[in-house]
Amino acid sequence: MKDNNPIRSEMPVTTGDIDSRPQRGRLVVCILISLLCCGFDFAPDVGIGLDASWMRIMNEAHMHHWVFGRDIVFTYGPLAMLDTHYSTDLRWLILGADLSIAFGYCYLMYRYMPRGKLWLLLLLPAIIIMRYGHFAQLALLLFILYIGILLLREDANRLCAVLCGFYAGTVFYVKVNYGLIVLFLLPIMIAILLWQRRRYAWWVLGAFVVVFGSIWLMVDIDMVGYIKNSLPIIANYEEAMFAPVQPGKITYKHAMYLFVLTGCMLAGHMYDVVKNRKNIVASTTFMALCLLYCFLAFKNSFVRYDLLHSRQLFATYPFLFMFLCGILGYGRSTVAIIASCVVIALSAWALPGDDASLSRLSLNDMSYHAWPENYYKQLFSAPRTATYPEVAIGKDTLPELETGTVDIFPHDAAYLLVNGLHYRPRPIPQSYSAYSASLDMMNARHFVSHKRPQYILERNASLDGSRYAIWDESVTKAALHLNYTIHRLVDMGSGAEKSGFVMLKEKADVHELPRMKEVGRATGHIGDTVWVPYKEGKPLYMTADVRYTLLGKVNKLLLQPMPVHITLIMDGHTEEYRLVLPIAKGPVLISHLVDNDLSFSRFLSGEVQNNERIRGFRIDTHNKEIERDVPIVYYVFDNY
């Protein structure tokens with residue numbers, strides 16, 4: 001009797017009647033192709049920018065055994081170096097992790113991808129494009145793909161189950177948001193496997209427990225704090241970090257084309273499954289996982305809409321699409337081959353970013369990424385310590401800083417580390433990430449504890465230049481006023497690239513948190529001016545509970561939150577900033593303007609009353625996704 005099941009008809013033959021030579025040849029080709037997905041390279045030095053700073057912080061956390069979840073709270077975990085490829089002493093671990101990723105994709109290609117030389121040829125550009133992905137993303141995708149194999153393929157085996165558990169256990173310690181997603185999905189998948197494929201469920205669970213527990217014992221982590229304190233970072237990330245999407249740009253359009261192609265294929269497959277009433281639960285589960293991955297990749301790429309993030313969607317999409325063609329039974333379809341070529345072309349075209357053509361993706365860059373020799377050369381090369389004269393601290397200040405511990409505001413930890421200083425960070429080490437009242441208070445408590453640094457370098461700046469800088473870590477900066485004193489001004493670099501910081505020194509016997517005393521309540525309205533009820537005396541703070549409508553919540557979930565702005569009204573002029581809603585829900589200074597280094601120094605030294613007065617403010621948005629009424633609570637900084 002003929003088997004009409006498209007899934008089963010696509011299964012590779014596993015009996016002994018196969019010619020071993022082409023199978024060996026396929027294996028060799030799959031191994032060579034899979035080695036190309038071993039990450040970018042070993043970063044001998046990551047520079048001194050915004051991203052370089054947090055990469056260096058992750059490396060310092062490992063070197064000094066800072067506890068994740070308590071000493072460091074960030075979106076990355078104790079194995080962040082597997083994603084960043086930057087580590088001063090764990091290059092062999094990075095190599096091992098990369099090889100585990102390569103093995104996972106090699107096994108998929110050899111056993112479960114569509115047969116034929118043309119498909120192998122298409123896999124080459126798909127894998128090269130995948131080199132623009134990151135370990136956590138690649139591991140999450142492998143976890144989902146092996147779940148699909150265990151659910152849908154009769155020729156699944158225990159190795160697939162072990163690999164599934166391995167990737168699930170590892171990704172949790174690399175990137176916390178992906179890890180929490182895996183922890184949520186894993187029990188559901190185990191339950192479905194116990195129902196559908198019981199013999200594999202225990203292997204998945206056992207591999208996960210072994211890997212998860214082994215890493216837990218080896219790294220420095222407070223598990224409860226790691227999960228609990230990371231939740232507000234994850235929950236509010238899109239509001240604080242988004243850069244507006246421009247739908248007419250290349251990357252966004254190509255992402256929509258890819259989703260349409262994938263949606264058509266999945267819809268056609270689900271129609272066949274429902275019509276034939278076969279594998280409904282398994283197929284529906286796997287389709288839901290694939291859609292979830294596409295959604296997460298889209299959100300990760302287009303919440304913070306820049307080249308580095310947008311590439312992450314296109315990096316894995318060609319391989320995912322080709323895998324779906326194989327596991328869903330379309331491996332012999334000419335339409336599937338043409339669609340795969342289109343997906344590869346769309347993804348490669350989008351890699352250079354908006355307003356760019358495929359020719360602008362440097363051939364030298366692509367060939368470097370495609371040649372493992374460059375990767376392995378760096379494995380054996382000595383770490384390079386670069387010098388950065390543009391952030392060199394003057395000789396009159398450096399010796400004093402070298403005698404103690406130092407932190408820096410807002411996000412320039414690399415400046416301290418390349419100067420060889422003893423860096424001691426606050427728990428949320430970069431100001432732009434402390435975007436909720438609980439995170440802000442965690443940092444404030446750090447500066448009244450025995451772990452606080454002796455010196456702080458600070459300048460009045462914010463992420464992207466669009467946020468009101470004094471509101472980033474508002475309570476923490478109030479704590480700095482109480483527990484530190486302005487010591488001197490510090491210049492970094494020279495000439496046109498010279499930058500200045502205020503150097504603070506701790507008050508040895510002072511450990512005092514700011515006390516905010518409620519003095520009044522009001523209700524503002526979107527688009528209307530709210531006059532600040534300030535009376536002469538201590539600085540006035542406020543909380544503004546700006547809330548989304550149902551439409552706003554849906555839009556925020558599916559794409560991005562709509563931008564909200566606040567206009568500060570002074571005598572004779574106004575200033576407009578982007579309003580980060582979670583930050584506005586914590587106490588923020590509203591009585592006096594702090595918009596430059598001089599006014600910031602006055603705030604720190606207790607002379608904020610000499611700054612320009614803020615007479616009122618207006619919250620604006622160009623849509624109906626924000627509730628009109630805004631509850632406001634006013635506080636005075638009682639111990640200023």
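The values are calculated or read from the model by the stated rules, or taken from the named source; none is laboratory data. All values derive from a computational prediction rather than experimental measurement. Every residue, glycine as well, gets a Cβ built from its backbone with ideal geometry; the counts of neighbours run over all protein chains shown. In case anyone asks, the SASA skips ligands and DNA or RNA and just uses the protein heavy atoms, side chains included. Shrake-Rupley method; radii C 1.70, N 1.55, O 1.52, S 1.80 Å.
Name the pairs whose Cβ atoms lie under 7 Å apart, with the first residue in the stretch 47-75 and closer than 14 Å to I408 by Cβ, the second of a type in the set (F, W, Y) and part of a helix (DSSP H, G or I), and 6 or more positions between them or separate chains?
I48/Y415
From Y132, Y105, Y146, which residue is touching a residue at least 40 places away in the same chain (Cβ under 8 Å) and either surrounded by fewer than 22 Cβ atoms within 10 Å (Cβ to Cβ) or not in a helix (DSSP H, G or I) (or both)?
Result of the check over Y132, Y105, Y146: Y132.
So how many residues does the stretch 413-424 have that are surrounded by fewer than 24 Cβ atoms within 10 Å (Cβ to Cβ), touching a residue at least 24 places away in the same chain (Cβ under 8 Å) and out of contact with any helix residue (DSSP H, G or I) (no Cβ under 6 Å at 6 or more places or on another chain)?
Result for the stretch 413-424: 3.
Looking only at the stretch 47-81, which residues are among the acidic types (D, E), modelled with pLDDT of 90 or more and assigned to a helix (DSSP H, G or I)?
E60 - this is the single residue of the stretch 47-81 that is among the acidic types (D, E), modelled with pLDDT of 90 or more and assigned to a helix (DSSP H, G or I).
List the helices (runs of 4 or more DSSP H) inside the stretch 281-382, counting only whole elements, that have at least 2 residues being among the β-branched types (V, I, T) and modelled with pLDDT of 85 or more.
334-350
Give the residues of the stretch 446-457 that are β-branched (V, I, T) and open to solvent by 10 Å² or more (accessible area, probe 1.4 Å), sorted by residue number.
Selection gives V448 alone.
Condition check ((1) part of a strand (DSSP E or B); (2) touching a strand residue (DSSP E or B) at 6+ places or on another chain (Cβ under 7 Å); (3) open to solvent by 10 Å² or more (accessible area, probe 1.4 Å); (4) at pLDDT 95 or above) across all residues:
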site: I486; (1), (2), (3), (4): yes, yes, yes, no
site: A496; (1), (2), (3), (4): no, no, yes, no
site: M503; (1), (2), (3), (4): yes, yes, no, no
site: V510; (1), (2), (3), (4): no, no, yes, no
site: G527; (1), (2), (3), (4): no, yes, yes, no
site: T543; (1), (2), (3), (4): yes, yes, yes, yes
site: K553; (1), (2), (3), (4): no, no, yes, no
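Among K253, K275, which is in contact with a Pro (Cβ under 9 Å, 6 or more places away or on another chain), free of Cβ contacts under 8 Å to residues at least 60 places away in the same chain and either open to solvent by 30 Å² or more (accessible area, probe 1.4 Å) or not acidic (D, E) (or both)?
Criteria check complete, one pass: K253.
Quick one: how many residues across the stretch 390-412 are more than 15 Å from M492 (Cβ to Cβ) and surrounded by 21 or more Cβ atoms within 10 Å (Cβ to Cβ)?
1
With (1) part of a loop (DSSP other than H, G, I, E, B); (2) at negative phi; (3) not basic (K, R) as the list, and G537 as the residue in question, which single condition is left unmet?
Only one criterion is unmet by G537, namely (2).
State whether the residues of the stretch 435-445 include one that is part of a loop (DSSP other than H, G, I, E, B), open to solvent by 30 Å² or more (accessible area, probe 1.4 Å), in contact (Cβ under 8 Å) with a residue 24 or more places away in the chain and farther than 23 Å from V636 by Cβ.
no
Filter the stretch 394-434 down to residues that are over 15 Å from E473 (Cβ atoms) and not in a helix (DSSP H, G or I), then give me how many there are.
Matching residues across the stretch 394-434 total 15.
Any idea which residue in the stretch 234-271 is modelled with the highest pLDDT, counting only those that are aliphatic (A, V, I, L, M) and not in a helix (DSSP H, G or I)?
A243
Across the stretch 555-577, which residue is farthest from F298 (Cα to Cα) among those that are open to solvent by less than 50 Å² (accessible area, probe 1.4 Å) and modelled with pLDDT under 90?
So, considering only residues that are open to solvent by less than 50 Å² (accessible area, probe 1.4 Å) and modelled with pLDDT under 90, the one farthest from F298 (Cα to Cα) is P563.
At pLDDT below 90, open to solvent by less than 40 Å² (accessible area, probe 1.4 Å) and on the phi < 0 side of the Ramachandran plot: is that true of P114 in this structure?
yes
Checking L121 against (1) free of Cβ contacts under 8 Å to residues at least 24 places away in the same chain; (2) under 16 Å from the mean Cα position of the chain (by Cα); (3) under 20 Å from L320 (Cα atoms), which test does it fail?
Among (1) free of Cβ contacts under 8 Å to residues at least 24 places away in the same chain; (2) under 16 Å from the mean Cα position of the chain (by Cα); (3) under 20 Å from L320 (Cα atoms), the lone unmet condition for L121 is (2).
Just a yes or no: is a residue in the stretch 191-213 of a type in the set (S, T, Y), open to solvent by 10 Å² or more (accessible area, probe 1.4 Å) and in a helix (DSSP H, G or I)?
Yes: the stretch 191-213 contains one or more residues that are of a type in the set (S, T, Y), open to solvent by 10 Å² or more (accessible area, probe 1.4 Å) and in a helix (DSSP H, G or I).
Could you give every pair whose Cβ atoms fall below 9 Å, whose first residue belongs to the stretch 527-538 and is more than 18 Å from H565 (Cβ to Cβ), and whose second residue is of a type in the set (D, E), counting only separations of at least 6 or pairs across chains?
Listed by first residue and then by second, the contacts come to K538/D638.
Among the residues of the stretch 327-343, is any open to solvent by less than 60 Å² (accessible area, probe 1.4 Å), β-branched (V, I, T) and more than 25 Å from L36 (Cα to Cα)?
So far as the stretch 327-343 goes, no, none of its residues is open to solvent by less than 60 Å² (accessible area, probe 1.4 Å), β-branched (V, I, T) and more than 25 Å from L36 (Cα to Cα).
Across the stretch 606-628, what is the total count of residues that are surrounded by fewer than 18 Cβ atoms within 10 Å (Cβ to Cβ), in contact with a Lys or Arg (Cβ under 7 Å, 6 or more places away or on another chain) and assigned to a loop (DSSP other than H, G, I, E, B)?
Of the residues in that region, 1 qualify.
Can you tell me how many residues in the stretch 588-605 are in a loop (DSSP other than H, G, I, E, B) and open to solvent by 30 Å² or more (accessible area, probe 1.4 Å)?
Count: 3.
Of everything in the stretch 82-96, what is assigned to a helix (DSSP H, G or I), open to solvent by 10 Å² or more (accessible area, probe 1.4 Å) and either of a type outside the set (D, E, K, R) or without any contact (Cβ under 8 Å) to a residue 24 or more places away in the chain (or both)? Give them in sequence order.
Across the stretch 82-96, the qualifying residues are T84, W92, L93, L95, G96.
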